[in-house]
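Chemist: Before anything else, here's the structure in question.
The values are calculated or read from the model by the stated rules, or taken from the named source; none is laboratory data. Predicted, not measured: the structure shown is a model, and the values here were computed from it. Every residue, glycine as well, gets a Cβ built from its backbone with ideal geometry; the counts of neighbours run over all protein chains shown. Heavy atoms of the whole protein, side chains included, go into the accessibility calculation; ligands, DNA and RNA do not. Shrake-Rupley method; radii C 1.70, N 1.55, O 1.52, S 1.80 Å.
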Amino acid sequence: MPELKRHAGVQDSHEGSKSSYPPPARVQGKDGHPKPHIGPDFAAYKAEWEKSVGPDADKWWGQKARECLDWFSDFKTVFAGGFEAGDIQWFPEGTLNAAYNCVDRHYYKNPDKVAIIYEADEPSDSREITYRELFHEVCRVANVLRSWGVKRGDAVSVYLPMTWQAVVAFLACARIGAVHSAVFAGFSAESLRDRVNDCECKVLITTDEGRRGGKTIATKAIVDAALAQCPLIEKVLVLRRTGSKVPMTEGRDFWWDEEAEKLSSYSVCEHMNSEDPLFILYTSGSTGKPKGVVHSTAGYLLGGYLTVKYVFDLHPDDRFACMADVGWITGHTYIVYGPLCLGVTTTVFESTPVYPTASRYWDAVDKWKLTQLYTAPTAIRLLRRMGEDAVKNHDLSSLRVLGTVGEPINPEAWHWYNDHAGRGQCAIVDTYWMTETGSHMVTPLPGAIATKPGSATFPFFGVDVDILDPTNGKVLEGGDVEGVLAAKRPWPAIARTIYRDHKRYLETYMKPYPGYFFFGDGAARDEDGYLWIKGRVDDVINVSGHRLSTAEVESALILHKGVSETAVVGCPDELTGQAVYAFVQMKPEFDIKATSVDALTKELAIQVRKVIGPFAAPKRIFLVSDLPKTRSGKIMRRILRKICSKEADSLGDLSSMEKPEIVDSLTDQVYKAMGWK
Ligand code: WTA
């Protein structure tokens, strides 16, 4: 049974927030708005959910799969396998192609429909891309990859910031059956190197430079630094984003536009098996080594399709905007695969919520008449801090559904989102899921489920969860219970394995509670049956919705020649949800006085930026002479978490601690630095 390590700072929002908000008129088909797919009330959700998990679930899923996806050849079996062996299969005999489902079928029907709104960093560079243009660009890039010898099953690295061509890169891979492995463009050269080498890529797709918030990012330079240690890479396709002169390695690097132009604007789709991998996406776990999460083709696609349709209540003419980065799972499912599979208009947002002003989101909503907006609590908190003037005086009447993802949303942020962006007329959907689940797990449905600020409400179709007692794995029944969240049955979009490490897949998700898939989060259920996600119970921290493992940050710090030991914890942060706090013990022979404490902590922060990426840099670094340890030498991070959360007066049992006397000086040091004393 895993040790429960709930991070401090995830507030018990359900204590303070009992009121519920029924579906507003805008998602009830009133005032000229479309009738919701699932509505008008809870019973409509419940009836459909029961079908999706009941004795006839296979029939329901078979029907949905045939209705929503285009198949080259039909399947016989709907579902096979299970959690125990991790041999899950959905629609195993079927063949299809994800790019065909996301592009071709819509292009044939409606070539001039806008597929992508590209909201560029400079608003004036923004434009729309039709399904026709998307189709031809995907075909051309697919042909380039094929001409380079990329075959079905080969992995291709994608290191692209938020340009619309990132969507093209994914779909070009999918078209020829290659498995894309996108690396978030905020990762450093070293992180990129490790991910490229882990999946043995021979080809990488990138750009000259990125643009974000008015700044230029030297993407190609980072790639060059990474590739110096990626012996398998043979070819690099470089998108011209800014047009700046960047070094190109003869025989290895080729310009996207020049290569694509040479080849046909049509290319055939590979017929892929339902269970063929569509992509690998690395994510942080409890250890220092990132996990290559592998998603399947048909199940993943169907999960994306159904959630985007029902959770955002998408209708054919909707203009959907997910503000996440394509480098994370939210971008994969809700910028690329979900909305495009449905054939609606999706948005690629290159900028930040505050560039050039804090009105950027609302300018975009007004300009493009966006119907749904999907962002993270951290962005909402940032905008809330910037004040209401930035959101006033914008026509936001096109919006119907506002979504949040990535961390529990605090009721203050929820209310701000509801009052100022939604103006009390939009449904707020707090969607709980993770990289490994592929698509939403627990979420409201706009036209059917009354929301409570801070609650992700009820399981999505096909998802059946229990709350378990973490100490003995027993099911906690009824209302007003708290424990860990686990799923009882496999759903189509569940990750199939960890790349080259099926054992780790089984150990992480299936073994902790036999018969269940363990999400790694704590959760409560209230008397009305609403689920409240409480945050990670393992060594994963969540900074602005970015998943980081404490071990990864610790491994980065320890690479500094003077560092003897480190302990990293996640602590509550008003803006980013959690922040990284690092405790560092230098080697006795390291002379701190030779440098200044300031200079040393800066050096350590740079070390983390270099090894992982800027987003992982600790917010605070404490140089300490001792770390709290058990008598057997294990670092007691629990103590550090408590101290950093200003809870030093409730440290609990210290009897297993080796030197309890250090607690006071540690507390003193932290409280002084934080200005609490
Ligand atoms: C957290 C992001 C509370 C959770 C899609 C999970 C959430 C981790 C929510 C996965 C939410 C995500 N409420 N917590 N609505 N959404 N989380 O893999 O701790 O980057 O385990 O996927 O984010 O992060 P990941």
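Chemist: So what does Ser544 come to for accessible area, using a 1.4 Å probe and Å² rounded to 10?
Modeler: Surface accessible to solvent at Ser544 totals approximately 30 Å².
Chemist: Can I ask one more? Largest first, what is the accessible-area ranking of Arg212, Arg631 with a 1.4 Å probe?
Modeler: Numbers: Arg212 125, Arg631 160 Å².
From most accessible down to least: Arg631, Arg212.
Chemist: On to the next question. If Lys and Arg each add +1 and Asp and Glu each add -1, what is the summed charge of the other residues whose beta carbon sits under 11 Å from the beta carbon of Glu275? Don't jump to the answer; show the numbers that get you there.
Modeler: Working: positive: Arg496; negative: Asp87, Glu93, Asp276.
Taking every other residue near Glu275 into account, the sum is -2.
Chemist: Rg and Dmax of the range 468-594 over Cα atoms: what are they, in angstrom?
Modeler: 18.8, 61
Chemist: To continue, here is another question. Pairing rule first: another cysteine's C-beta must sit under 4.7 Å. Under that rule, which cysteines of the chain stay single?
Modeler: If one checks each Cβ against the other cysteines of the chain, Cys68, Cys102, Cys139, Cys173, Cys199, Cys201, Cys230, Cys269, Cys322, Cys341, Cys426 turn up with nothing under 4.7 Å.
Chemist: Can you put Lys534, Lys610 in order of accessible area, largest first, using a 1.4 Å probe?
Modeler: My answer, sorted largest first, is Lys610, Lys534.
Chemist: Something else now. Calculated from DSSP H runs of 4 or more alone, at -39500 (n - 2.57) each and per residue, what is the 222 nm mean residue ellipticity of the chain, nearest 500?
Modeler: On the way: 19 runs with 181 residues, N = 677.
Roughly -7500 deg cm²/dmol at 222 nm, from the helical runs in the chain.
Chemist: Sticking with this structure for a sec: Considering only protein heavy atoms, what per residue accessible area in square angstrom results for the range 490-571 with a 1.4 angstrom probe?
Modeler: Accessible area per residue, the range 490-571: 29 Å².
Chemist: Can you give me the accessible area per residue for the range 299-360, using a 1.4 Å probe, in Å²?
Modeler: Values: 1000 Å² over 62 residues.
Per residue, the range 299-360 has an accessible area of 16 Å².
Chemist: Obtain the radius of gyration and the Kirkwood radius of the range 125-206 from its C-alpha atoms and give Rg over Rh.
Modeler: Numbers: Rg = 13.0 Å, Rh = 13.1 Å.
Rounded to two decimals, Rg over Rh is 0.99.
Chemist: Please give the peptides 194-202, 326-334 ranked by average Cβ packing (other Cβ atoms within 10 Å per residue), highest first, as a rough proxy for protection.
Modeler: Numbers: 194-202: 19.9, 326-334: 24.6.
With the highest mean Cβ count within 10 Å placed first, the list reads 326-334, 194-202.
Chemist: Tell me, what is a quarter of the convex hull surface for the C-alpha atoms of the range 181-238, in nm² with one decimal?
Modeler: On the way: hull surface 14.2 nm².
Answer in nm², one decimal: 3.6.
Chemist: Once phi is turned into ³J(HN,Hα) by the Karplus curve 6.51 cos²θ - 1.76 cosθ + 1.60 with θ = phi - 60°, what whole-Hz value does each residue of the range 321-337 show in order, with x for glycine and proline?
Modeler: Per residue, the Karplus-derived 3J(HN,Hα) values read 10, 9, 8, 6, 9, 4, x, 10, 4, 4, x, 4, 7, 10, 9, 9, 5 Hz.
Chemist: Same structure, new question: Val344: net charge of surrounding residues, Cβ under 12 Å, Lys/Arg +1, Asp/Glu -1, itself excluded? Write down the numbers at each step before the final one.
Modeler: Working: positive: Lys113, Lys309, Arg319; negative: Asp313, Asp317, Asp318.
Once positives and negatives cancel, what remains is 0.
Chemist: Taking the Cα atoms of the range 574-656, what is the range of coordinates along each of the three principal axes, in descending order and whole Å?
Modeler: In descending order, the Cα extents are 37, 37, 20 Å.
Chemist: If His180, His271, His502 are ordered by their accessible area, calculated over protein heavy atoms with a 1.4 Å probe, which sequence runs from highest to lowest?
Modeler: Details: His180 0, His271 95, His502 65 Å².
Solvent-accessible surface, decreasing: His271, His502, His180.
Chemist: Computed over the Cα atoms, what is the radius of gyration of the range 382-523 divided by 2.2 N^0.38 Å, N being its residue count?
Modeler: Numbers: Rg = 17.9 Å, N = 142, 2.2 N^0.38 = 14.5 Å.
Relative to the rule-of-thumb radius for its length, the range 382-523 sits at 1.24.
Chemist: From the alpha carbon gyration tensor of the range 625-677, can you work out the equivalent ellipsoid semi-axes (sqrt of 5 times each eigenvalue) and give them in Å, largest to smallest?
Modeler: Numbers: eigenvalues 74, 24, 15 Å².
Square roots of five times the eigenvalues give 19, 11, 9 Å.
Chemist: Ok, one more. Along each of its three principal axes, how wide is the spread of alpha-carbon positions in the range 150-257, in whole angstrom units, largest first?
Modeler: Reported extents, whole Å, longest axis first: 38, 27, 25.
Chemist: If all Cα-Cα distances of the chain are sorted into 10 Å bins from 0 onward, what percent lands in each bin, rounded to whole numbers?
Modeler: 3, 15, 26, 28, 19, 7, 1, 0
Chemist: Same structure, new question: At 20 °C and a viscosity of 1.002 mPa s, what translational diffusion coefficient does Stokes-Einstein give for the range 515-569, taking Rh as the Kirkwood radius over Cα pairs? Give it in µm²/s as a whole number.
Modeler: Working: Rh = 13.7 Å.
Using the Kirkwood radius from Cα pairs, D works out to 156 µm²/s.
Chemist: Ranked from highest to lowest mean number of other Cβ atoms within 10 Å per residue, what is the order of the peptides 440-452, 89-101? Mind showing how you got there, number by number?
Modeler: Working: 440-452: 26.2, 89-101: 23.8.
Top of the packing list down: 440-452, 89-101.
Chemist: Kindly state, to the nearest 0.05, the FRET efficiency for Tyr21 paired with Glu477, given R0 = 30 Å and r defined as their beta-carbon distance.
Modeler: Values: r = 27 Å, r/R0 = 0.90.
So, using R0 = 30 Å, E works out to roughly 0.65.
Chemist: Let me ask something additional. For Glu565, tell me the accessible area in Å² from a 1.4 Å probe, rounded to the nearest 10.
Modeler: Using a 1.4 Å probe on the heavy atoms, I get roughly 50 Å².
Chemist: Take a quick pass over the range 563-623 and tell me how many lysine pairs come in under 18 angstrom between Cα atoms, counting only ones 8 or more apart or on separate chains. Write down the numbers at each step before the final one.
Modeler: Details: Lys587/Lys602; Lys593/Lys602; Lys602/Lys610; Lys602/Lys619; Lys610/Lys619.
Value for the range 563-623: 5.
Chemist: Return, for the Cα atoms of the range 462-524, the radius of gyration and Dmax in Å, separated by a comma.
Modeler: In order Rg, Dmax, the Cα atoms of the range 462-524 give 12.2, 41 Å.
Chemist: Let me ask another. Over the chain, what is the percentage of antiparallel beta bridges among all DSSP beta bridges, to the nearest 5? Before the final figure, lay out the partial values.
Modeler: Working: 57 of 95 bridges.
Approximately 60 percent, going by the DSSP bridge assignments.
Chemist: Suppose all protein chains stay in the model; what accessible area per residue would a 1.4 Å probe give for the range 40-196, in Å²? Walk me through the numbers on the way to the answer.
Modeler: Details: 5480 Å² over 157 residues.
I get 35 Å² per residue for the range 40-196.
Chemist: If the only charges are +1 at each Lys and Arg Cβ and -1 at each Asp and Glu Cβ, what is the size of the charge dipole of the chain around the Cα centre, to the nearest 20 debye?
Modeler: Details: 80 positive and 88 negative charges, 126 e Å.
So the dipole magnitude of the chain works out to roughly 600 debye.
Chemist: In the chain, what percent of the accessible surface is made up of carbon and sulfur (1.4 Å probe, ligands and nucleic acids excluded)? Walk me through the intermediate numbers first.
Modeler: Details: 12470 of 24850 Å².
Exposed carbon and sulfur together represent 50 percent of the surface.
Chemist: Whole-Å semi-axes of the range 568-613's equivalent ellipsoid, largest first, each the root of 5 times a Cα gyration tensor eigenvalue? Intermediate results must be reported in sequence, preceding the final value.
Modeler: Working: eigenvalues 116, 30, 20 Å².
The equivalent ellipsoid of the range 568-613 has semi-axes of 24, 12, 10 Å.
Chemist: Packing-wise, with mean Cβ within 10 Å as the measure, how do 245-254, 215-224, 373-382 rank, highest first?
Modeler: Ranking the peptides 245-254, 215-224, 373-382 by packing returns 373-382, 215-224, 245-254.
Chemist: Students often forget the sequence filter, so: which lysines lie under 19 Å Cα-Cα from Lys35 once same-chain residues fewer than 8 apart are removed?
Modeler: Result set, ordered by chain and number: Lys46, Lys309, Lys369.
Chemist: Let me ask you something else. Quick one: 3J(HN,Hα) in Hz for the range 74-84, Karplus 6.51/-1.76/1.60 with θ = phi - 60°, rounded, Gly and Pro as x.
Modeler: 6, 9, 9, 8, 7, 9, 8, x, x, 5, 3
Chemist: Could I ask something else about it? Based on the alpha-carbon gyration tensor of the range 530-677, what equivalent-ellipsoid semi-axes (square roots of 5 times the eigenvalues) come out, in whole Å, largest first? Spell out each step's value before the answer.
Modeler: Working: eigenvalues 103, 85, 43 Å².
Listed largest to smallest, the semi-axes of the range 530-677 are 23, 21, 15 Å.
Chemist: Toward the positive end of the charge dipole of the chain, about the Cα centre and with charges on Cβ (Lys, Arg +1; Asp, Glu -1), which of Ala225, Ser52, Leu301 goes farthest?
Modeler: Ala225
Chemist: Taking 25 °C and 0.890 mPa s as the conditions, I'd like the Stokes-Einstein D for the range 116-169 in µm²/s, using the Kirkwood hydrodynamic radius from alpha carbon pairs. Show your work: numbers first, answer last.
Modeler: On the way: Rh = 12.6 Å.
Once the numbers are plugged in, D ends up at 195 µm²/s.
Chemist: Provide the per-residue ³J(HN,Hα) series for the range 387-403, in order, calculated from phi with Karplus coefficients 6.51, -1.76, 1.60 and θ = phi - 60°, each as a whole number of Hz, with x at glycine and proline positions.
Modeler: So the Karplus estimates, Gly and Pro as x, are x, 7, 4, 5, 9, 5, 6, 10, 7, 10, 6, 6, 5, 10, 10, 10, x Hz.
Chemist: Once you compute Rg and the Kirkwood Rh from C-alpha atoms, what is the Rg to Rh ratio for the range 398-450?
Modeler: Numbers: Rg = 11.5 Å, Rh = 11.7 Å.
Computed over Cα atoms, the ratio is 0.98.
Chemist: Among Gly387, Gly613, Met434, whose Cα projects farthest towards the positive end of the dipole of the chain, with charges put on the beta-carbon of Lys, Arg (+1) and Asp, Glu (-1)?
Modeler: Comparing the listed Cα positions along the dipole, Gly613 ranks first.
Chemist: I've got another one for you. How large is the charge dipole for the range 399-479, taken about the Cα centre, if only the Cβ atoms of Lys, Arg (+1) and Asp, Glu (-1) carry charge, to the nearest 20 debye? If you can, show how the numbers build up before the last one.
Modeler: On the way: 4 positive and 9 negative charges, 70 e Å.
With only Lys, Arg, Asp and Glu charged at Cβ, the dipole is about 340 debye.
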